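The values are calculated or read from the model by the stated rules, or taken from the named source; none is laboratory data. Everything quoted here is computed from the prediction, not taken from an experiment. Neighbour counts are summed over all protein chains in view; Cβ atoms, including those assigned to glycine, are modelled from backbone coordinates with ideal geometry.
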Amino acid sequence: MLLITLARTIDRMVVDHAVCIDESDNSAIVSNLAAEHVAELQAICVALTWGAQLFDSAGELFEGEPDSNFEPFLLVIDKPASADSTVQLLTNRAFSKLLLEGHEASIWKVAQIECTLFTGTRVIAPWSVNHVAEIAEVTKSPRALVKEFGGERKVPEDVRPWLVKAQPENFDDPSTQVWVRASSIALIRCLPSEIDAETEALKFRGPPRLAIPEFDAEKDSLDPETYKTLVDAVTWVFENQREAEMRHVLLAAEIARSGSTIQSAGAFLKQNLADAWESAKIAYEMAVAETGRDTLKVLSDLRKAVTEETAKLSDMGRQLNAAVAAALATGIGLMAARVATNAPPLLIAVVMGVVAIYIATVIHSGVQFMRLQRQLREDWQQRLYRFLPETEYEKMVVKPTRHAETAFTWTAWLGGIAVVVLTVACVFWAFKNEVKTPDNTKETISEPSPHRDPQDLDQTRDGMSHNKPPTAVVPADSAGHPTDTFLAQPATGAAKTDAPMPTPPPLTEP
């Protein structure tokens with residue numbers, strides 16, 4: 001309770017007595033203090049057992065009772081040590097300033113806030129409450145959607161710190177209102193198409209084009225319902241990083257169509273933001289339906305392309321198998337021809353080389369086809385199939401084509417190795433395995449030797465012609481002419497078997 005009392009006292013002095021407050025992680029520096037204000041703050045610090053140092057107008061350390069002659073005073077209040085990734089704030093003024101400047105801490109402890117605010121990157125809670133911040137997924141930066149032409153960027157770089165997960169409790173509490181005003185400024189700047197560089201007016205393209213004056217949180221605060229609609233609409237725009245651009249365009253166009261007499265940004269949003277958001281959601285659903293039809297067509301074309309590619313690779317694999325089988329048959333035939341017909345070895349080597357070159361050409365064309373298709377898939381994925389998640393694209397495209405490529409690769413390796421081995425074997429067989437042709441031997445009849453016995457010669461001749469029938473002895477007369485009796489005899493085949501053969505007369509010497 002004393003902590004809240006100290007914080008409220010400083011905030012009251014800032015408003016009523018022009019006191020300045022500047023807080024850091026470890027201390028709170030209160031300047032431009034009067035003597036009576038110093039005594040009040042010192043008493044609270046003593047009750048809290050917090051250290052405090054007082055400096056006079058000359059910047060020297062002052063001890064003792066504050067004297068008005070040394071005004072204005074500067075009081076340095078030492079804060080308790082904070083945990084890692086935690087910042088502790090006493091006053092709402094410091095809270096408001098830090099919201100505008102930003103801080104990397106994920107846990108903000110504010111002394112006067114009465115509720116806990118959970119945003120996408122931090123937790124805002126009282127000093128006595130401990131929470132762990134849950135970091136939301138990264139969204140598209142509003143600066144990528146809203147154009148700014150001024151030298152200083154007004155649009156927040158990240159929208160997550162300004163999106164609360166639940167409506168703040170005690171909406172009218174001063175500390176809660178500090179948060180509501182700061183987040184309203186940041187979220188409203190995420191809505192337009194562009195921000196004017198001179199007037200900082202919010203411009204919506206439409207059609208028709210619309211310009212809304214800059215939102216002034218001090219004079220034009222939002223009621224709870226309008227603030228909730230604003231948070232929900234911006235959350236809807238940026239909840240999907242891939243669709244944020246389309247949703248932002250639709251919402252900006254619907255806000256522009258709601259254009260009418262504009263008095264202030266807060267009043268305009270109160271009247272038109274809810275209806276514009278509902279219209280944007282309807283337009284988005286229609287766009288999604290149209291996109292769904294286009295997506296189905298694209299998916300159908302993708303499936304057809306993958307099917308054709310895998311079929312082409314399978315067909316190339318079958319062609320390669322047939323070519324390898326023909327090459328093996330040719331090689332075996334050449335080896336057989338070399339053995340059987342003594343074919344020229346150079347001819348065998350040339351034919352087998354031509355076969356090997358043909359197989360290499362088939363394999364090379366298949367490999368080039370695979371590389372070309374793989375490169376085309378990588379190039380067109382980001383242009384045509386960005387809507388597909390990586391896992392779905394892997395399942396629908398990469399895995400089927402990878403299986404087909406693996407099958408062709410194995411076929412190419414095995415077939416190529418087989419043809420190379422057979423080519424080497426054929427060439428080696430052709431040049432190393434010389435076939436010897438036997439000499440043609442002629443049968444010769446040995447001539448009789450002049451010293452050989454005539455009887456032996458007759459026996460030899462008789463043996464060589466033992467298959468011939470014996471020659472009949474023709475009878476002759478004294479002059480050596482055949483007799484008429486022999487000439488008058490019929491042919492051997494026509495001779496009568498019952499007639500006795502005549503006895504030939506003995507041969508006489510002429």
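Checking the stated criteria, Met316 turns out to be of a type in the set (A, V, I, L, M, F, W, C) and touching a Gly at 6+ places or on another chain (Cβ under 9 Å).
Scanning region 288-334 for residues that are of a type outside the set (Ser, Thr, Tyr), out of contact with any Leu (no Cβ under 9 Å at 6 or more places or on another chain) and in contact (Cβ under 8 Å) with a residue 60 or more places away in the chain returns Arg303, Val306, Glu309, Leu313, Met316, Gly317, Leu320, Asn321, Ala323. The test for being closer than 18 Å to Ile188 by Cα, polar (S, T, N, Q), touching a residue at least 24 places away in the same chain (Cβ under 8 Å) and not assigned by TED's automatic domain parsing to the domain that holds Ile29 does not hold for Thr121.
Within region 253-260, does at least one residue satisfy the condition of being assigned to a helix (DSSP H, G or I) and closer than 25 Å to Asp173 by Cα?
The answer is no; no qualifying residue exists.
Selection within region 105-118: residues that are free of Cβ contacts under 8 Å to residues at least 40 places away in the same chain and in a loop (DSSP other than H, G, I, E, B). The member of this set that is farthest from Ile10 (Cα to Cα) is Ser106.
Only one of the numbered conditions (1) among the charged types (D, E, K, R); (2) in a loop (DSSP other than H, G, I, E, B); (3) crowded, with 21+ Cβ neighbours inside 10 Å is violated by Glu218, and that is (3).
Restricting region 124-142 to residues that are closer than 20 Å to Lys228 by Cβ and in contact with an Asp or Glu (Cβ under 8 Å, 6 or more places away or on another chain), the residue that is surrounded by the fewest Cβ atoms within 10 Å (Cβ to Cβ) is Thr139. Across region 221-249, the qualifying residues are those that are in a loop (DSSP other than H, G, I, E, B), within 22 Å of Val138 (Cβ to Cβ) and of a type in the set (D, E, K, R), and the one among them that is farthest from the chain's Cα centre (by Cα) is Glu239. Residues considered: Thr116, Thr86, Thr199, Thr139. Of these, the only one that is touching a strand residue (DSSP E or B) at 6+ places or on another chain (Cβ under 9 Å), under 30 Å from Gly259 (Cα atoms) and among the hydroxyl-bearing types (Ser, Thr, Tyr) is Thr199. All told, Gln241 falls short of being modelled with pLDDT of 85 or more, farther than 29 Å from Val398 by Cα, surrounded by fewer than 17 Cβ atoms within 10 Å (Cβ to Cβ) and not assigned by TED's automatic domain parsing to the domain that holds Leu422. Here is the figure for region 21-58: residues that are of a type outside the set (Gly, Ala, Ser), more than 60 Å from the chain's Cα centre (by Cα) and at negative phi total 14. Taken over region 71-111, the criterion of being charged (D, E, K, R) and in contact with a Gly (Cβ under 8 Å, 6 or more places away or on another chain) is satisfied by Asp78 alone.
Looking only at residues in region 1-27 that are over 18 Å from Ala47 (Cβ atoms) and in contact with a His (Cβ under 8 Å, 6 or more places away or on another chain), the one that is modelled with the lowest pLDDT is His17. Is there a residue being surrounded by 12 or more Cβ atoms within 10 Å (Cβ to Cβ), assigned by TED's automatic domain parsing to the domain that holds Val419, hydroxyl-bearing (Ser, Thr, Tyr) and not in a loop (DSSP other than H, G, I, E, B) anywhere in region 373-388? For region 373-388, residues surrounded by 12 or more Cβ atoms within 10 Å (Cβ to Cβ), assigned by TED's automatic domain parsing to the domain that holds Val419, hydroxyl-bearing (Ser, Thr, Tyr) and not in a loop (DSSP other than H, G, I, E, B): absent. Identify, by number, the condition in (1) modelled with pLDDT under 95; (2) assigned to a loop (DSSP other than H, G, I, E, B); (3) closer than 19 Å to Leu269 by Cβ; (4) of a type outside the set (Phe, Trp, Tyr) that Ala211 doesn't meet. Evaluating Ala211 over (1) modelled with pLDDT under 95; (2) assigned to a loop (DSSP other than H, G, I, E, B); (3) closer than 19 Å to Leu269 by Cβ; (4) of a type outside the set (Phe, Trp, Tyr) leaves (2) as the failure.
For region 164-189, residues that are among the basic types (Lys, Arg) and part of a loop (DSSP other than H, G, I, E, B) total 2. Residues considered: Arg189, Arg181. Of these, the only one that is buried (at least 16 other Cβ atoms within 10 Å of the Cβ), at pLDDT 90 or above, over 22 Å from Ala125 (Cα atoms) and basic (Lys, Arg) is Arg189.
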